[in-house]
Structures are given as C-alpha cells and as structure tokens.
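Notes follow the structure.
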Amino acid sequence: MTKKKSALNVMKGIDAPETVSKDAAKRFLAKRKKDLNVDETVKGILSGNISVLSLAITLIESNLPKHQVIAKNIIEKCLPYSGNSIRVGITGVPGVGKSTFIEALGIYLINKGHKLAVLAIDPSSEQSGGSILGDKTRMEQLSADKNAFIRPSPSSGSLGGVARKTRESIILCEAAGFDTIFIETVGVGQSETKVHSMVDFFLLLMLAGAGDELQGIKRGIMEMADTIIINKADGNNVHKAKLAQKEYENALHLFPPTQSGWTPDVLLTSAVNSTGIEDVWLNIKKYQKLTSKNGYWLQNRHRQAKFWMHETILESLKSNFYNDAVRKKQIKEFEKNVLEGKISPFEAAQELLDKYFKF
C-alpha cells in the first residue's frame, strides 16, 4: 500500500538573509556615537536636520541613565530656541479619523508655508510593552513632505496616552524650526489632563450618532476642549453630523465659563474630502488672537511650565524609589508579607516610605 502524500507537507525554503549587514551595523553605530556629542546634536537640531532631531528624541525616550544625562544637556541648550510654535492637542475615540484629519489639516498648513511636527502617541501593549507605531503609514502624503516631521512614540502606559517625554520632544521640535506642533493622543477615554497641560489649544474629534455608550468619555474631555470637531460629516452622514453639532452646542452652554474667555465652537469636517479644514485652522488662530490679547496665552504657558516642574519631581522620586537595589529587595520582602496577610498593604507602603526617607 503506497503512502499518500499529505497536503500539509511544507517545502524547505531558502535561508532568510540577515536583516542588517555587519558593515551597515558598524557604520550606524559609528554615526550614532558621533551624533551623541551634545554640541553637534544641538547644532544639527537648530539647523533643522531631521535625522539628528529623531536621534535626540530617541535619547529623550531612553531609560538608560547615560542617555538621560545627554538628553538633559541637549534640552537645556535647545530651550532658549523654543516656545515659538502653536501647540495643538488632538484627541478622540478610536475610529474617529484622527490620523486622516491630521494629514488633511497638516497638508493645508504646509501649503500655507508652515512647518509641522506631529508627535503621534501609539498605545503600548500592557503585556509586552510593544507598540505598532503605524502613524507614518496612515499619513503617507504628509510623512513624505520635507516640511513635516511625524514622530510616532509608544504611550508606555502613561496616563492619558501621552508618551513620558512628549513635553521635552516639543522643545526640540520648536528649536528645529517647526512653528506648529500637533500631539495626537491614544484617545481611549482615560484622563487627557497631561496632554491638555502641554498644549495651547485642545481639539476633540467626535463622531455623529455614536450613541450613549460614549457619554462617560465625552463629559470629562468636553470640559477641556477648546473646539469640538464632528468628523466624517460627508455623504449620508451629513444630516446626523448637523444634528450632533446642535446637541454639542447645547451641551457646551451648560458648562461654566472658561478661564481663557473663549467660547468653544462645534465644527463639521470631512477629513477625507478636506472640507471644513480651513475653518478649523481659522478657529485656532482666532483663539490665539483672543488669548494673546487678554494675556491668557502666556499665563497658560507659565502655568504649564510650573506643572511640569512638579511632574518631573514626582517622576524622579518614583524612579529613584523603585530603581534602588536595596529598595527592590525590601519591596519584595514586604510584598511577601502582604500576600501572607502579615501586614496590610497600607502599613507596608508606609514602612517602605519611612525607610526610604530615613535612608
């Protein structure tokens, strides 16, 4: 009896070539070491060199102590050249069309002579810590323009979907000559306080007819929004979008007056058809004119700088507490005692903190 050949047999394929040749890897490392020079890196950033800017942001995002020291020096030297951009936060529920909207608005701005940097935050996996970082593939036309810089970064579990070092990245982008900065957040319904505390203008993108299931997301973010955009207002969706516009306008009247003196607008856009895009930018410029005149623009920047000073202190304390070798051992011991019921979690935390501050 002859043995039948299985359809599941797999032919042996060819060996995969090395992803990066050894010579290319050596050249990359040599270039990287050269670019780690602080003065040369700052010079490259100020001249608008995108490759150097990308490397500097990578250093900022690195957790290695030696990279953090270099990044700190780069930021300090770039700080005098920053602050001359309009910083716009853009958020919204997944599927609302943030990337398409950003590309449409970005292309409009570049055609008007602006230089745009997009700091797009991608959600990180809670299990692996990995991130897709797919914004460059979603903004093909914009990413190919020499006056646009798109930097996808993993959220790394940060509250509100904001990458841990986005604030510092803004400074470098401004020093590199970008006069408009967009920060695209994950938009998963978490607190967006941190992105609100690093931008001048906060855009909230919404969908028409999304239903009451999003009410919990709407309320908190709507109170921070400077303008609400009803996106995908095209085709058969135009009527729904206009109804949603009226509903949101009525809802905004119930909120208390803003500190800026600005009354948030509700605008309709179709990012796919590029309709309503000019209105969005004119709305942002109108806000800038009003808040510059009444002093809120500068006042808000000052408040944000103070906020980030305190955030940096908290982050440094947390990092120092958890990364100390002695503390790690103590934490393991207290965790074991908590699990065995020998001590409450609250008492364990207090004792660890007492040991830390007495150290």
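Values in this text are rule-based calculations from the coordinates and carry no lab data. If you're wondering where the values come from, they're calculated on a predicted model, not measured in any experiment. Virtual Cβ from ideal backbone geometry, glycine too; neighbours counted across all protein chains shown.
Any chance you could list the semi-axes, whole Å, largest first, of the equivalent ellipsoid that the Cα gyration tensor gives for the stretch 30-78, using √(5λ)?
Values: eigenvalues 47, 27, 18 Å².
Values for the stretch 30-78, descending: 15, 12, 9 Å.
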Please work out the ratio of the alpha-carbon Rg of the stretch 314-354 to 2.2 N^0.38 Å and round it to two decimals.
1.18
Highest-first arrangement of 42-53, 288-299, where packing means the average Cβ count within 10 Å:
42-53, 288-299
Within the set of other residues whose C-beta is less than 11 Å from the C-beta of Thr227, count the net charge using Lys and Arg as +1 and Asp and Glu as -1.
-2
Compute the distance in nm between two label points, each set 7 Å from the Cα along the Cα-to-Cβ direction, one at Glu311 and one at Leu64.
2.6
Sorted by mean Cβ packing within 10 Å, highest first, what order do the peptides 300-307, 173-180, 261-268 take?
173-180, 261-268, 300-307
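Report, to two decimal places, the Cα Rg of the stretch 262-346 normalised by 2.2 N^0.38 Å (N = number of residues). Walk me through the numbers before you get to the answer.
Details: Rg = 24.6 Å, N = 85, 2.2 N^0.38 = 11.9 Å.
Its radius of gyration relative to the 2.2 N^0.38 Å reference: 2.06.
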Linear extension gain, Asn73 paired with Lys336, 0.36 nm per residue minus alpha-carbon span
90.6 nm
Where a label projected 7 Å from the Cα of Asn294 along Cα→Cβ would reach, residues of the stretch 262-281 with amide N under 12 Å
262-264
Of the listed pairs Lys165/Lys332; Lys165/Lys286; Lys72/Lys306; Lys246/Lys293, which have alpha-carbon separations greater than 23 Å here?
Lys165/Lys332; Lys165/Lys286; Lys246/Lys293
Where the Cα atoms of the stretch 293-340 are projected onto their three principal axes, how long is each span, largest first, in whole Å?
61, 21, 7
Debye, to nearest 20: dipole size of the stretch 305-358, +1 on Lys, Arg Cβ, -1 on Asp, Glu Cβ
160
Rounded FRET efficiency, nearest 0.05, which uses the C-beta distance separating Glu249 from Tyr81 and R0 of 30 Å:
0.15
